[in-house]
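Structure first, then comments.
Read-outs: derived from the displayed coordinates by stated rules, not from any lab. Computed from a prediction, not measured in an experiment: that's the story for all the values here. With ideal geometry, Cβ positions are generated from the backbone for all residues, glycine too; neighbour counts draw on all protein chains shown.
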Amino acid sequence: MSNPFTNEGNWYKGNLHTHTTNSDGELTPQQAVDLYASADYHFLSLTDHRVLTATDDLDPKGMMLIPGSELDGGRGELGQSVHVVGLGMESATELPETDSIPELVASVAAQCRLCFVAHPYWSSLLTHDLLDVEGHIGLEVYNHTCFRGIGRGESAVQWDGLLGRGHKLLGFAVDDAHCHYDDALGGWIWVKAPDPSVDSLLGAIQAGHFYASTGPQIHLIERDGEQVHIQCSPCRDVCLIDPRPGSGTTTHRLELQQESYTDVTLSVSEDCPVFRVECVDPEGRKAWSNPIYPAP
């Protein structure tokens, strides 16, 4: 998995999880497109429940519209089904009747370009619910409607539990907007891609060339041995997350303290197999890098 911050390309902002009146959303598909276009997004996916919302007749307002759907099935230990966002599908997806999460996710993955697990915390999914699951490329580390609705928007614990067990999974921030209350324009990803075409964006996402955010921007993450150099928009905290027990560090442990950081170097142990970076701005908004692995 290469480092997007040192790759060639341009950054494109988008949301990959949105609902419309084609399922249980408040806005029509065109109204949803208009909303995100007005906020200068570059791409959007309308992911209605078990429905592939057609976009050919919509005015994209300069955005790329990625076909997608939110699908559900299986059963976790605490009784909740797993929800999966599938992107790049060409037709409505047929789902098996099963309580098996691995079977459900494998079925979705076989019928789309890529997929990821939606809102694990909202779904009360435990780490071991996802241990044997294959075919997806990651999970939602942040879901805006889950945060605004019930205060359970962040799923970093599940993510780190899987990373610590060797699962190479990516972290997405999304809105999952239904617009019954203020749950739009709060979580997104920045994708580093050669161009903003659907094929280029999906290829870059699949390769992990993006980071997730609710506000801050990450400009650079570069590892040199036991040092990690990070550049970002002004942030009060920069955290290096190592999923191993008791590992990692933050800017609070630096000898020279600052009110905000834009350029910082943090230490990582030489034997660290994977880490990720979290940046927190003065308003408490976060950005999450994808996992960084040692150069081969």
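On C-alpha positions alone, give me the angle between the axis of helix 101-110 and the longest principal axis of the chain, in degrees, nearest 10.
In the chain, helix 101-110 runs at an angle near 80 degrees to the longest axis.
Rounded, prolate or oblate: which fits region 1-83, taking a ≥ b ≥ c as square roots of the Cα gyration tensor eigenvalues, rounded meaning a/c under 1.5, else prolate when a/b beats b/c? Provide the component values of the computation, followed by the final result.
Values: a/c = 2.57, a/b = 1.17, b/c = 2.20.
In terms of gyration-tensor shape, oblate.
Going by C-beta contacts inside 10 Å, put 107, 69, 260 in order with the fewest on the left. It would help to have the intermediate numbers written out before the result.
Numbers: 107 22, 69 26, 260 14.
Ordered from fewest to most neighbouring Cβ atoms within 10 Å, 107, 69, 260 come out as 260, 107, 69.
Sort 75-81, 137-143 by the packing proxy (mean of other Cβ within 10 Å over each peptide's residues), most packed first.
Details: 75-81: 13.4, 137-143: 26.4.
So the order, starting with the most tightly packed, is 137-143, 75-81.
Run down the lysines and flag those whose C-alpha is under 17 Å from the C-alpha of residue 168, throwing out any fewer than 8 positions away in its chain.
none
Give me the dipole magnitude in Debye, nearest 20, for the chain about the Cα centre, with unit charges on the beta carbon: positive for Lys and Arg, negative for Asp and Glu. All intermediate terms of the calculation are to be shown ahead of the outcome.
Working: 17 positive and 42 negative charges, 93 e Å.
My answer is approximately 440 debye.
Which of rounded, prolate or oblate describes region 111-211 when judged by the alpha-carbon gyration tensor and an a/c cut-off of 1.5?
Values: a/c = 1.99, a/b = 1.07, b/c = 1.86.
It comes out oblate by the Cα gyration axes.
As a quick test, which of the pairs 13/286; 61/192; 13/192 have an alpha carbon distance above 18 angstrom in this structure? Don't jump to the answer; show the numbers that get you there.
Working: 13/286 15 Å; 61/192 21 Å; 13/192 9 Å.
Exceeds cut-off: 61/192.
What ranking do 226-237, 204-215, 174-185 get when scored by the average of other Cβ atoms within 10 Å per residue, highest first?
Values: 226-237: 17.6, 204-215: 22.7, 174-185: 20.4.
For the peptides 226-237, 204-215, 174-185, the packing ranking is 204-215, 174-185, 226-237.
Among 220, 82, 106, whose Cα projects farthest towards the positive end of the dipole of the chain, with charges put on the beta-carbon of Lys, Arg (+1) and Asp, Glu (-1)?
It is 220, whose Cα lies furthest towards the positive end.
Cα axis of helix 29-38 to longest principal axis of the chain: angle in degrees, 0 to 90, nearest 10?
Once rounded, the angle reads 30 degrees.
For region 180-250, rounded, prolate or oblate, judged on the Cα gyration tensor with a ≥ b ≥ c (square roots of eigenvalues), a/c < 1.5 rounded, else prolate if a/b > b/c?
On the way: a/c = 2.02, a/b = 1.34, b/c = 1.51.
It is oblate, given that a/c is not under 1.5 and a/b is not larger than b/c.
Output needed: percent of Cα pairs per 10 Å distance bin for region 131-288, bins running from 0 to the one holding the longest distance.
Per 10 Å bin, starting at zero, the Cα-Cα P(r) for region 131-288 comes out as 10, 35, 39, 14, 1 percent.
Thinking of region 48-169 as a set of Cα atoms, what percent of all their pairs are more than 26 Å apart? Write out the running numbers ahead of the final one.
Working: 1516 of 7381 pairs.
The proportion of pairs with Cα distances above 26 Å equals 21 percent.
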